[in-house]
Every structure is written in C-alpha cells, then in structure tokens.
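The values are calculated or read from the model by the stated rules, or taken from the named source; none is laboratory data. If you're wondering where the values come from, they're calculated on a predicted model, not measured in any experiment. Here Cβ is always computed from backbone atoms with ideal geometry, including for glycine, and neighbour counts include all displayed protein chains.
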Amino acid sequence: MWVFTRYGFYSIACASKSDGSLDNQSVMVRARCITHLRNLQKRFPALAGGNILELPHYDYRYRLIIPKESWTAIIGELAQEQEWSNFKNEAERYQGESGKRYVRALHTVWGVMHRIQQEEEQENSNH
C-alpha cells in the first residue's frame, strides 16, 4: 500500500519473520526520506521510540517495523485529522520550504493519475 500524507510518503508491506516468511502481524512502514518517518514519529507518540532502520542498498532506504494493529490505528487517526479540501496545498503548507521536492512529486503523481482518467474518458467516448 502506498500512502501519501502531509507528513510524507510511505510504502507499507508485511514484515518478514526470521525464517523469511511473511509476518502478517507486523508491517514495514518504508520511506525514501528519513524526514518522512521522523514526521510520522513526531505525530504519533507510539512510534517515537521506534528504531528507524537504514538499509542503503534496499529500494526503500528507511523503515520502521511496527505491529499491524498500530498501523491500522494510525491510518484511522490520519483519516480523522483530514480537514482540508486540497491535499497538495495542505502538504505544501505542512512541509514548508524543506518539503519542496515532496510537493513537486505530489504534483507529478497527480498529473500521471489525471492522464489515466483522461485516457479512460477517451476510451469510453469511442465506444
């Protein structure tokens, strides 16, 4: 699952057990920017003591391993705090100057998804 928030971008996947099998009770909250995980830790005290793993040769360099139950509670709180009508503007407000690259990426993702909508509309109008 990918989650874009005003705090940052996260890729969520099941963690692994020591034998390499999936641990469906734990998740890896993965990020490309360490500041995104730190922002999440600041917002959610339950994560504050978690150790951010840095794995330089992995696709997502930074990770927090947490119980799935904690992640589902965090997602619920993120939904509850939503009080804006334009996500990209809210992310820009929250991120400030230091988050310009993230906000640019959000606009790029918006554009890619908008093209999908336009292509679908075009396909539907041709039928």
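If I go through the stretch 1-36 residue by residue, how many of them are outside any strand (DSSP E or B), under 25 Å from Y102 (Cβ atoms) and not aliphatic (A, V, I, L, M)?
Summing the residues that are outside any strand (DSSP E or B), under 25 Å from Y102 (Cβ atoms) and not aliphatic (A, V, I, L, M) in the stretch 1-36 gives 8.
Is at least one residue of the stretch 96-107 of a type outside the set (G, A, S), in a helix (DSSP H, G or I) and at pLDDT below 95?
Yes, the conditions are met somewhere in the stretch 96-107.
Return the residues of the stretch 37-64 that are part of a loop (DSSP other than H, G, I, E, B) and touching a helix residue (DSSP H, G or I) at 6+ places or on another chain (Cβ under 9 Å); say none if nothing qualifies.
Answer for the stretch 37-64, where residues must be part of a loop (DSSP other than H, G, I, E, B) and touching a helix residue (DSSP H, G or I) at 6+ places or on another chain (Cβ under 9 Å): F44, A48, G49, G50, I52, R61.
Within the bounds of the stretch 106-116, is there any residue that is in contact (Cβ under 8 Å) with a residue 40 or more places away in the chain and in contact with a Ser or Thr (Cβ under 9 Å, 6 or more places away or on another chain)?
no
The conditions are (1) surrounded by fewer than 10 Cβ atoms within 10 Å (Cβ to Cβ); (2) under 16 Å from I12 (Cα atoms); (3) touching a residue at least 60 places away in the same chain (Cβ under 8 Å), and S98 fails exactly one of them. Which is it?
Failed condition: (2).
May I ask you to list pairs of residues, at least six apart or on different chains, whose Cβ atoms are under 6 Å apart, with the first in the stretch 39-59 being outside the structural domain of G8 (by TED's automatic domain parsing) and buried (at least 17 other Cβ atoms within 10 Å of the Cβ) and the second being part of a helix (DSSP H, G or I) and not basic (K, R)?
Close Cβ pairs (under 6 Å, with a partner that is part of a helix (DSSP H, G or I) and not basic (K, R)) do not exist here.
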